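Heads up: the structure comes next, in structure tokens.
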Amino acid sequence: MVPGPACIGDGDNGAVGCYQSRGGQLGDRFDQEDRRRNIITITAKGRAHLRRLDALVADAQDELLAPLSPGERQALVGMLTRLLDYHTG
């Protein structure tokens, strides 16, 4: 099978785009103003998959953070965000 335009890319992003395009989760088309570029969009199937993943992540976070109160959870997220910003900023 010859890969479609979404399969062309460098590094992991190209591989993920290729996989999801074949799964019907992403659509792609050439940019009419610059035919060297592809415009990647999420399909209805992709949005549904994203909702399922969001629910799984929410369940995992609830299980992991069960001992913390809502205020403690918010404080933890704030501190982790600050650390990430410091180390990536």
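The values are calculated or read from the model by the stated rules, or taken from the named source; none is laboratory data. Note that the coordinates shown come from a computational prediction; the quantities given were computed from them, not determined experimentally. Cβ coordinates were reconstructed from backbone atoms using ideal geometry, including for glycine residues, and neighbour counts include every protein chain displayed.
Test each condition in (1) surrounded by fewer than 12 Cβ atoms within 10 Å (Cβ to Cβ); (2) within 15 Å of the chain's Cα centre (by Cα) for Lys45 and report the one that comes out false. Condition (1) is where Lys45 drops out.
Of all residue pairs spaced 6 or more apart or on separate chains, those with beta-carbon atoms under 8 Å, a first member in the range 67-89 that is modelled with pLDDT of 95 or more and of a type outside the set (Phe, Trp, Tyr) and a second member that is surrounded by 10 or more Cβ atoms within 10 Å (Cβ to Cβ) and not in a loop (DSSP other than H, G, I, E, B) are Leu68/Leu76. Taken together, the residues in the range 22-36 that are surrounded by 12 or more Cβ atoms within 10 Å (Cβ to Cβ), part of a loop (DSSP other than H, G, I, E, B) and modelled with pLDDT of 85 or more amount to 2.
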